[in-house]
Structure formats: C-alpha cells, structure tokens
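The values are calculated or read from the model by the stated rules, or taken from the named source; none is laboratory data. Predicted, not measured: the structure shown is a model, and the values here were computed from it. Cβ placement follows ideal geometry from the backbone for every residue including glycine, while neighbour counts extend to all protein chains displayed.
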Amino acid sequence: MIVELGHFALILAAVTALVQAVVPLIGAHKRWPGWMAVAEPAAGLQFLFTLFSFAALTYAFVMSDFTVQLVTSNSHTLKPMLYKVSGVWGNHEGSMLLWVLILTLFGACLAWFGGNLPPSLRARALAVQAAVGVAFFGFILFTSNPFLRMGVAPFDGRGLNPLLQDPGLAFHPPFLYLGYVGLSMAFSFAIAALIEGRVDAAWARWVRPWTLAAWIFLTIGIALGSWWAYYELGWGGFWFWDPVENASFMPWLLAAALLHSAIVVEKREALKSWTILLAILAFGFSLIGTFIVRSGVITSVHAFANDPERGVYILAILALFTGGGLVLFAVRAAAMEAKGIFGMVSRESALVLNNILLAVSCFVVFIGTIWPLVSEIFFVRKLSVGPPFFNMAFTPFMVILGAVLPIGAMLPWKRAKIGKVVKPLIPAFVLALALGGLAWAMQSERSLLGPVGLFLGSWLIFGSLTDVYSRTGRGSIGARLGRLARLPRADWGKTIAHAGLGVTMLGVSGLMAWDMEDIRVAYKGEPYTIGAYEITLEDVREVEGPNYLSTMGDIRVRKDGRDVAMLHPEKRVYPVSAMPTTEAAIDYRLMRDVYVVVGDPQADGGYTVRTYIKPMTNWIWMGTFLMSLGGLFSLTDRRYRVAAGARKAPTGGVPAE
C-alpha cells in the first residue's frame, strides 16, 4: 500500500509541477499578482509530494519488500542497513527519483527564502524550475518507474552491485546530485532574466549564493567519488579521466567560471551576456552528464544504464532546455547592456582571463570525452582517448591559471598598475620558487612535473595569504591582526578556496611525479623492498563477512627496522551476485600512503601483490576540503543574506518587456 501511495504522490508532484510551470509565467506576463503567487505554495507542495514518494521507496528497501522490482534487483536481506538505504539511489530509477527530489528541494528553498526577490522574477524562476521538473517527472513515470511490482515475488533479492557497497559511494551520489541539480537554479534565474530583459547587480547577488552552494556540493561529491575510486577499485590512482568522472568535472569548471563572472556583474555591471551564457551552459553540462551516465553511449564502470530509449528521452530534455535557452539567449542577449568599462590591467580583465581558462579547459575535457563516440559514428573507427591526452591538453590551462591567480586576485577594479600589485607578492614568489628549486635539487632523473607543481601550489597558497593580509591596511602587526579577524567572511572564503586549490595542486603533482609501484609474486615470510619500505606477506586467510567471502592478506610494513603498519588487503566474492571485488589496504600518512593490493594465488604457492608508495595523496583530499570550506565561508557572509533587500522592485510591478 505504501508503495502505491508513493507512486501516486509522484504523479501528484508531476501535476503540481505542470501547474507551477504554466500559471506563474502567465501571471508574470499579464501582471496578475494572484497568478504569480501560485508559484510559492506549488513549489512547497511539489517538494512534499516528491519527498513522500522518495520516503515510500526507501521504506520498501529498508523492509526488503521484494514485491517491488527495483528492490529485488538492488537489495538483499543480508545487506547491512547502510547499503539497504544507499541501494535506493544505487540504481538508475532510484537515483532519478533522488535527482527530482533535490530539484524540487531547490525550488522550494527559493519559494521559502526568496522573499526579497521581485515578484515577477521569482515567479518566472520558479516556473522555469518547475518546467525542468515536469520533464524529469515524465522521464521517471514513463521510462523509469521505480514502483513497478513483481508478478511473483522471490524469496530474496539479487543484491546491490558490490562496488557500490561502500560508505564513500553511499554518500557520493547525494552530494554530486546536490551540485548537478543545484545548477538548475542558476539556469532558472538566467532564463527568467532573459524573459524580463534585465540583468543587474541585484540579479548577480541573487544568483551567486545558489551557484556557490551547488559548486560546494559538486566539489564534495567529486572528492568523495575520487577518494572512493582511489581506495576501492584497487587501481592505485585518484583520477582516470573516466567519462563519468569527466561528466561531473565539466559543470564544476563552468560553475567556477560562473561564480567569478557573477562577481563582475555585481561589482561592475559588466559581462552580463557572458554570465547568462555560462549559467545556461553550466546546467547544460549537468544534463550532458546525466545523458552520459544513463544512455549507454559511452562505457564506464560508473554508468547506471545502457538503454537507448532512456538516452533518447534525456537527449530530448537536453535539446529542449539547453537548446531552448541558447535560442532565447540569442534573441535577447542584445538587451543585456553592459555598463562597466575597465582597462586591460584590472580585476575585471583578470576575471575574464579566469573565465576563458576555465571554459576552454571544460571544452577540452568535453572533446576528449565524446571524441570516441564521434569517431565511431562519423569515421567508423573505434578510438580510446585516455589520460595522456587529457594530461597534455588540460594541464597547460591549469598551469596558467595557477600562475596568474594570485596577481589577479589582488588587482583593483577598473584599472590598476601592475608594479604596485606585484610588489607585495615578491616574498611569496621567492618562497614558492625556493621550494620548487629545492624539489628539483633533491630529485634525480625525474621530470619537471614535481618541482613545477610544488612551485605553483606554493605560489597559490602564499599568494592567497598575502592577499588577505594586504586587506588589513597599514599599522602595527597587532592592529593588522585585529583587522584580519574582522574581515568579511567572503574575503576569508576566497583565501581559503584559492589556498585549497594550491594544496590540491601540490598533492596532484607530488603523486604523479614521485609515486613508486611494485608488482610481484610474493611468498609468505619473504620480505621485499620498495623505496625505503620493507614489505612482508605474513599470511593469507579466509574470512567470512556479513554478505561476502574474503581472502585476506596480512602484510607487515617496516621502515628502518621498525614496524610501520600491519595491512589487510582483501579479495572479496559476493555469493549473491557472484562478483569479485578488490579491497586495497592503505596506511594513510600526511606525506605518503603505503597502498597494498593482494591478487590471485599462484601455482607455486605465492600471491600476486601490488604495492605502491603514494606521496602527498592526502593533500588532494585536504585541498578539496579547503575549497569546500572556503565556499561555505563565503556562503555564510552576511552580505549574501541582506543584499537582495536593497534592490526590491515595487510590489506588483514588473519591468518593461
């Protein structure tokens, strides 16, 4: 009964979304306040219906209701409770229900907390948000219904994909979807602004918090997915330029560009058309990611579905909203008159360069991701575009971005004298250069990747600290430190996020430049060395888990004659799905990881063992945490909460069409 109620609630949510998509738009066009006001209760009601539907599906998974087809395919009575719950979104149908739940949540938040918005803009933005909801409700109800019943219920389910039975991946999709779907708010505001024909500083202040929240969630989601791939898949890497990894990375790059572009609109009322275009493209690339994951056109270990019918439906949604948004942009872009003028050397110019580098980087990743598909369709050739292409094509843009970011962050608005800006940064530059030179002197027969990455990461960190300290003015150190504590949170957020990018660069370059790998057949009690470490396979034993059987190794790690760690890598088999998985064992430290994977037994009594020394890997996760923390600091700045009130439109009025 609860399952049927959940299905019915989903239908009611779709009907409510349809009303919300039509009535407020007509009201805004006709200047009818009552019709515009329909958007707010409809958004809240739509969210509540969807929440009930999602709760009903969760109930079916928790109670192991195998009369529901989705539960049978993705759950099992022996699964731990965490994975019963995460099984709700560990499949195509359930993950799409989570997708629309988050979509309706953002719409409801706009209705609840958007009281300072002009009524017409709020009504149009909520209507656009609902229109996106209508498309995805239709997609779920007609092609991906999660509430289908079984004709004959089995005694037990087939279980969740063993690769998904991990805490990291249990939390990765919700955060990723909060980022993906959160960009729909920027899209809705952009389309509403195009319809009204007005983009100003107030509009940018309203858009920035929503975009920043989506960017924070997307950063956390990507980091969790990267961390999961690092320790769960047993490949020993953190990023493989997999199509699904790229699908989340592309909107992240465009969202970062949109955040910086919106600053120019807010402060200088320039780059209006470009900012609107970025808002459309950022959400468009989120839809492209949805298409890649669910259409089956590109093969990936992360993909949810391989169904052409679903792919065509998502492609139609992509064409409707992204294509329709771009057409509307082409028609109305001339109305986005830019007022601010600025010199070649100014913060505006630095932010333009920032936007160009991020946008071009995104399109480089996009081309590399879809090129195998293009090659197969148009040239009848199967090609594989792997990490060498992405590393070579993508890295130069990040090097330039890292080099110019500290200088650009300190440039004043409108016009600047470069010498005056560079002078305070000289100590930061010298210190970063010294660290890079030290790395170069200490390494032997290695590439420039390590020293250059160490220089760029340090330059970003020290430059960010110099920037925030320069905002304290002049005076004694005590007085400046006191002013430092009183700086706006947005200033601290910028500093922390930029420094976090530097920390991530340090981690990536250190890992790629100085990691060590050893693959061998190891025998019990016979030590071998890798770098400064002595590795010994002590024993291999059979262990029974709650829903799997495991071959577990006991591996001792020693350094300089002292025990460092006892690691327990596993090779698991899940009987229900008859699928093996590899569980790496990792000794995490600040400056390095010792990473061990045990493989298959050999005829002579040995076992295949892969051992890696991964320097500075944890700096990658620390950097992403700092970037998210910086975004959170900015999001809590008081100016975000009060700025919209300064530019209220007259009640009941709308700008001239």
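For residues in region 599-620 being over 30 Å from LEU449 (Cβ atoms) and in contact (Cβ under 8 Å) with a residue 12 or more places away in the chain, which is surrounded by the most Cβ atoms within 10 Å (Cβ to Cβ)?
TYR607
(1) over 26 Å from the mean Cα position of the chain (by Cα); (2) of a type in the set (A, V, I, L, M); (3) part of a loop (DSSP other than H, G, I, E, B): which one isn't true of ALA334, the others all being true?
For ALA334, the failing item is (3).
What number of residues within region 144-169 are more than 26 Å from ILE220 (Cβ to Cβ), surrounded by fewer than 17 Cβ atoms within 10 Å (Cβ to Cβ) and modelled with pLDDT under 90?
Residues meeting the conditions: 8.
Could you say which residue among ALA409, ALA416 is buried (at least 16 other Cβ atoms within 10 Å of the Cβ), closer than 30 Å to ALA282 by Cα and among the small types (Gly, Ala, Ser)?
Details: ALA416 fails: closer than 30 Å to ALA282 by Cα.
Checking each option against the conditions leaves just ALA409.
What number of residues within region 428-461 satisfy the criterion of being part of a helix (DSSP H, G or I) and over 16 Å from SER509 (Cβ atoms)?
So the answer is 6.
Determine which single condition GLN129 fails, assuming it passes every other condition in (1) out of contact with any Phe, Trp or Tyr (no Cβ under 9 Å at 6 or more places or on another chain); (2) assigned by TED's automatic domain parsing to the domain that holds PHE61; (3) of a type outside the set (Ser, Thr, Tyr).
Result: GLN129 passes all but (1).
Scan region 63-94 for residues that are surrounded by fewer than 17 Cβ atoms within 10 Å (Cβ to Cβ) and without any contact (Cβ under 8 Å) to a residue 24 or more places away in the chain and report the count.
Adding up the residues that qualify gives 2.
Quick one: which helices (runs of 4 or more DSSP H) lie wholly within region 16-93 and hold at least 2 residues that are within 16 Å of LEU164 (Cα to Cα)? Before the answer, list the steps.
On the way: elements: 33-37, 39-62, 69-74, 81-86.
The qualifying helices (runs of 4 or more DSSP H) are 69-74, 81-86.
Looking only at region 156-170, filter to residues that are small (Gly, Ala, Ser) and assigned to a helix (DSSP H, G or I); which one of those is farthest from PHE61 (Cα to Cα)? Full working, then the answer.
So in region 156-170, the residues small (Gly, Ala, Ser) come out as 157, 159, 168, 170.
Those still in the list that are assigned to a helix (DSSP H, G or I) too: 168, 170.
Numbers: GLY168: 20, ALA170: 14 Å.
Step by step, filter region 156-170, then rank; the result is GLY168.
Residue check: is THR624 closer than 17 Å to TYR528 by Cα, out of contact with any Phe, Trp or Tyr (no Cβ under 7 Å at 6 or more places or on another chain) and among the β-branched types (Val, Ile, Thr)?
Working: closer than 17 Å to TYR528 by Cα: no; out of contact with any Phe, Trp or Tyr (no Cβ under 7 Å at 6 or more places or on another chain): yes; among the β-branched types (Val, Ile, Thr): yes.
No.
Report the residue count in region 364-385 for those that are loosely packed, with under 15 Cβ neighbours inside 10 Å and closer than 21 Å to TRP252 by Cβ.
2
Would you please name the residue that is surrounded by the most Cβ atoms within 10 Å (Cβ to Cβ), looking only at residues in region 532-554 that are within 35 Å of the chain's Cα centre (by Cα) and not hydroxyl-bearing (Ser, Thr, Tyr)?
GLY553
Does region 359-388 hold any residues that are free of Cβ contacts under 8 Å to residues at least 24 places away in the same chain and assigned to a helix (DSSP H, G or I), and which are they?
Matches in region 359-388: PHE363, ILE367, TRP371, VAL374, SER375, GLU376, ILE377, PHE378, PRO388.
Within the set of pairs 6+ apart or on separate chains, which have a first residue in region 309-329 that is without any contact (Cβ under 8 Å) to a residue 40 or more places away in the chain, a second that is of a type in the set (A, V, I, L, M), and C-beta atoms under 9 Å apart?
GLY311/VAL297; GLY311/ALA305; ALA316/ALA135; LEU318/LEU287; LEU318/ILE288; GLY324/ILE191
Sort through PHE321, PHE378 and tell me the only one that's in the same structural domain as ILE292 (by TED's automatic domain parsing), among the aromatic types (Phe, Trp, Tyr) and farther than 30 Å from LEU411 by Cβ.
Of PHE321, PHE378, the one residue that is in the same structural domain as ILE292 (by TED's automatic domain parsing), among the aromatic types (Phe, Trp, Tyr) and farther than 30 Å from LEU411 by Cβ is PHE378.
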